[in-house]
Amino acid sequence: MEFWLLALGWVGFVLATFAYCSFFEWVFHKYWLHDDMPPEWTGHAHKKHHTLLRAQNFFVKNQEQMMSISFPKWGILALLAANTPVFALVGWLLDWRYVVVAIAAMLTYYLVYEYFHFCMHVPKNRFFENWKIYRWIRFHHYLHHENANTNLNVVLPLSDLVLRTFRLKSRHDKPFIEK
Ligand SMILES: [Zn+2]
Ligand SMILES: [Zn+2]
């Protein structure tokens, strides 16, 4: 019984970390990538991503568009550095094992973001590309390229729901991509 309680606690902690990541993704995407929060240059590459890949040309056709999809390689370190106070708080309130799990969960969220955001813009008949859930989340991101004030989550649209930026329908009668 004790084992299951412990396991449940860890699963709950991982889920709570993913929920935090969804919130962090939303805030960073909105304020730093779109709303010019200083340092302003953080949003330059992302604005280029939106300019090169508008709703009507959501899928990549050239190298310049391809280069605009991913964060720079040091992005992963910047993410961890920005969250150092949160990890310190977790370590202080709980213990170091939770810090390790929180970092692992955050890295997982980030890698899932990077990989699936890439796949969304560069379709390639991957085995999951016809899965309903994948097409749904890809459409969710397509709608962000239609209107950058909505659907700020790429991975887990929990914060879009809570913070009321969640949008299901295209503003076009015939969206440029299929769900
Ligand atoms: Zn995109
Ligand atoms: Zn954006």
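Derivation of every value follows stated rules applied to the coordinates shown; laboratory data play no part. Here the structure is a predicted model, which means the values were calculated and not measured. Every residue, glycine among them, receives a Cβ derived from its backbone with ideal geometry; neighbour counts consider all protein chains shown.
Remarks
- Annotation note: Cβ proximity below 7 Å between a residue of region 20-33 that is under 12 Å from Leu79 (Cβ atoms) and a residue that is within 11 Å of ligand 2 (Cβ to nearest atom) and assigned to a helix (DSSP H, G or I) (sequence gap 6+ or interchain) occurs for Trp32/Gly43.
- Tally of residues being within 15 Å of ligand 2 (Cβ to nearest atom) and either in contact with a helix residue (DSSP H, G or I) (Cβ under 8 Å, 6 or more places away or on another chain) or without any contact (Cβ under 8 Å) to a residue 12 or more places away in the chain (or both) across region 34-67: 17
- If the condition is being within 16 Å of ligand 1 (Cβ to nearest atom) and among the hydrophobic types (A, V, I, L, M, F, W, C), then region 126-169 contributes Trp136, Ile137, Phe139, Leu143, Ala148, Leu152, Val154, Val155, Leu156.
- Helices (runs of 4 or more DSSP H) (entirely within region 1-110) containing at least 2 residues that are of a type outside the set (D, E, K, R) and more than 22 Å from His144 (Cα to Cα): 2-27, 75-82, 84-93
- Hits in region 136-179 (condition: among the acidic types (Asp, Glu) and crowded, with 18+ Cβ neighbours inside 10 Å): Glu146, Asp160
- For region 60-114, the tally of residues that are surrounded by fewer than 14 Cβ atoms within 10 Å (Cβ to Cβ), of a type in the set (Asp, Glu) and either under 23 Å from Leu33 (Cα atoms) or touching a Lys or Arg at 6+ places or on another chain (Cβ under 7 Å) (or both) stands at 1.
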